[in-house]
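One structure is given here, and the rest of the page talks about it.
Taken together, the values in this text are just the output of simple stated rules run on the coordinates, not laboratory data. Bear in mind the structure is a predicted one, so any value in this text is a computation, not a measurement. Here the Cβ is made from the backbone with ideal geometry for all residues, glycine too, and neighbour counts use every protein chain on show.
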Amino acid sequence: MVEAEALRKRKQAALRIAAWAARILRRRAARRKLENDSANTIARAFRTYKLQRTYFLRRRQRALSLQRNADLARMRAYEEFKSRRRAAALQILFWYQEIKCRALLKKLDSVNHMIRSRPDRDANARRIQHFWTVARERLRFLELHKTQVEKRQRTIQQERIRRAAVKIQGQFRCYQRRNELAMRRDALHADRTLAAIVIQKHVRRWLAKNTFWQEKISKLSMFRELQRLRQKERVRISGAPIAAPKHAW
């Protein structure tokens, strides 16, 4: 009776240990499955966040580009308006000087007629020559001023065209560099995503294999324990001496 009671207690202890080991293995498998699902959820949420951030960033860049182009167009229109207003002001000034000069010439003609009717011809001739010299110099100055203004306007226009060409070239280089960096970033992101997918696949495969072999080993340990208990039961029934138990744990 004592031996039967001890055998029953050992059997119950072995069953409890096997159930405890199976419960631990099930909990470990459930925890690993939960961690794997959490990692997949976090990775999916992070990819969604990156895609949303990239989309909103590109939309913001597009809006800023459109706003910058509109500002540049308004600035160019304002510069063109200022240049036209400056040219119109210079043209009006030139017309005013020309009208003043023509009025002076008309006055000189009247003075010439008036002086020629007087008796002091020599002094009057010197005065007429002086007035005509002043008028010719003034006309020459006006022509020179007009030429200088046109030359300055051409120089300003050429400088503006050169600056616009340099600016367009710089913008095109920046656009090309930005596109190149975006392509490199997309390629790097694709490589990293592929590597992460491969690593996750290998990790899931390793976890599945590990869980499978742990369950198999636990089942094998339980089977061996049951075989050992059955053998002891047969030995006890047959009346042979019972050897000392060798606990596997």
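Just a few scattered comments:
- Panel order for CYS101, CYS174, by other beta carbons found within 10 Å of each beta carbon, from fewest to most: CYS174, CYS101.
- Segment GLU79-PHE212, length gained on full extension (0.36 nm per residue, minus Cα span): 40.1 nm
- Extreme residue, positive dipole direction of the chain, given options LEU144, CYS101, ALA187 (C-beta unit charges): ALA187
- The simple spin-label model puts a point 7 Å past each Cα toward its Cβ; for ARG126 and ARG160 those points are separated by 5.2 nm.
- Cα lying deepest toward the dipole's positive end in the chain, options ILE197, ALA4, TYR78, charges on Cβ: ALA4
- With neighbour counts taken as other beta-carbon atoms within 10 Å, the residues VAL203, VAL166, VAL149 rank, fewest first, as VAL166, VAL203, VAL149.
- Estimated from the Cβ-Cβ distance and a Förster radius of 41 angstrom, the FRET efficiency linking THR147 and GLU180 is about 0.25.
- Using Cβ point charges alone (K and R +1, D and E -1), the dipole size of the chain about the Cα centre works out to roughly 1020 debye.
- Residues ARG10 and LYS33, FRET efficiency given R0 of 41 Å [Cβ-Cβ distance, rounded to 0.05]: 0.75
- Theoretical FRET efficiency, 1/(1+(r/R0)^6), r = Cβ-Cβ of ALA21 and TYR49, R0 41 Å, to 0.05: 0.50
- Measuring against 32 Å, Cα to Cα, the residue pairs LYS50/LYS201; LYS82/LYS107; LYS33/LYS232; LYS9/LYS33; LYS9/LYS216 contain LYS82/LYS107; LYS33/LYS232; LYS9/LYS33 as the ones spanning a longer distance.
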